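Student: I'd like to ask some things about the structure below.
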Amino acid sequence: MRIYQEADYEAMSRRAANLISAEVIRRPDCVLGLATGSTPIGTYKQLTVWNQRGDFSFKEVRTVNLDEYKGLPPTHDQSYRYFMQTNFFDHIDIDVANTYVPDGLAADPDAECARYDELVRSLGYADLQLLGLGRNGHIGFNEPCGSYVKETHVVDLTQSTIDANARFFASADDVPRQALTMGIGCIMAARRVLLIASGADKADAVYNAFCGPITPACPASILQLHNDMVLVGDKAALSKLVAAGVAVCG
Ligand code: F6R
């Protein structure tokens, strides 16, 4: 595992964008696994600047997003499809037909999960999977629980996730209670995993994920078993890891 410690959010975003653009330059038709949330916004902004400058192209890139709220249409300003369009896809030269997000409105959510799993499999899984990290250690919407779920599935969001995401909605009552999420199997099948974390409120989750026991009670801890795992964090997010003596670059 390689860990990059960056000074702040901006430097973290730049480093993550650097690693993603290297993948796109090396393999122009790569499959990128993408995340939403506040952490990757700076990464998408930096990639957009370099793409618009003509440094590389997303024309042949395919993307698979981790998750979507159940019940939100793609036009809802808190849906993850909307997030991806407005924070990234609308500003780069990607073919939107090659971008995939689970359908939160599917009449049969379980069938949609099975379809999505098959889609990701048929694309050959992600060459690079970008992840954020929940304060409770979740990745995608794989919440802390008793056992890992391999496949894409419908999940009940924990109160901690509802509270954390309430900042994006008018009130906590408006946060959907369920989501469709890629399972741990798809995430671990990615050839490279790039997890980004920023801020002191992620320090415990980062420490538990990478220094604690491997357990579904901290879903991200399974990433310790991935053979090409890159963690990029700012000083605040990595503070407990560094205090524990874990070696970092930068
Ligand atoms: C989003 C996702 C989530 C977030 C996590 C961190 O697609 O899968 O796991 O990455 O909740 O969110 P932020 O970045 O808002 O702290």
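The numbers here are math on the coordinates, done by the rules we state, and not lab data. In this text the structure is predicted, and so the values were computed from the model without any measurement. Neighbour counts are summed over all protein chains in view; Cβ atoms, including those assigned to glycine, are modelled from backbone coordinates with ideal geometry.
Student: Do me a favour and compute the ellipsoid semi-axes for the range 14-199 from its Cα gyration tensor, root of five times each eigenvalue, largest one first, whole Å.
Tutor: Value: 25, 18, 16 Å, ordered largest first.
Student: Where does each of 167-179, 137-149 land if you order them by average Cβ count within 10 Å, highest first?
Tutor: 137-149, 167-179
Student: I would also like to ask the following. Express in nm, to one decimal, how much length is gained between residue 18 and residue 248 on full extension, taking 0.36 nm for each residue of separation and deducting their alpha carbon distance.
Tutor: My answer for the length gained is 81.1 nm.
Student: What is the gain in length, in nm to one decimal, between residue 10 and residue 95 on full extension, counting 0.36 nm per residue of separation less the C-alpha to C-alpha distance? Present the calculation step by step, with values, prior to reporting the outcome.
Tutor: Values: separation 85, 0.36 × 85 = 30.60 nm, distance 2.73 nm.
Separation in residues times 0.36 nm, less the Cα-Cα distance, equals 27.9 nm.
Student: Also, quick follow-up: Normalising by the residue count of the chain, find the relative contact order in percent from Cα pairs under 8 Å and 6+ residues apart.
Tutor: 26 percent
Student: Hey, another quick one. Give me the dipole magnitude in Debye, nearest 20, for the chain about the Cα centre, with unit charges on the beta carbon: positive for Lys and Arg, negative for Asp and Glu. Show your work: numbers first, answer last.
Tutor: Numbers: 22 positive and 30 negative charges, 164 e Å.
For the chain, the charge dipole is close to 780 debye.
Student: Can I ask one more? Sorted by average packing, counted as other Cβ atoms within 10 angstrom per residue and highest first, what order do 63-70, 225-232 take?
Tutor: Numbers: 63-70: 24.2, 225-232: 17.6.
Packing proxy ranking, top to bottom: 63-70, 225-232.
Student: What are the residues whose amide H is under 5 Å from the amide H of residue 65, where those residues sit 5 or more places off or on another chain and H is modelled from the backbone?
Tutor: Excluding prolines and chain starts, which carry no amide H, the hits are 34, 100, 101.
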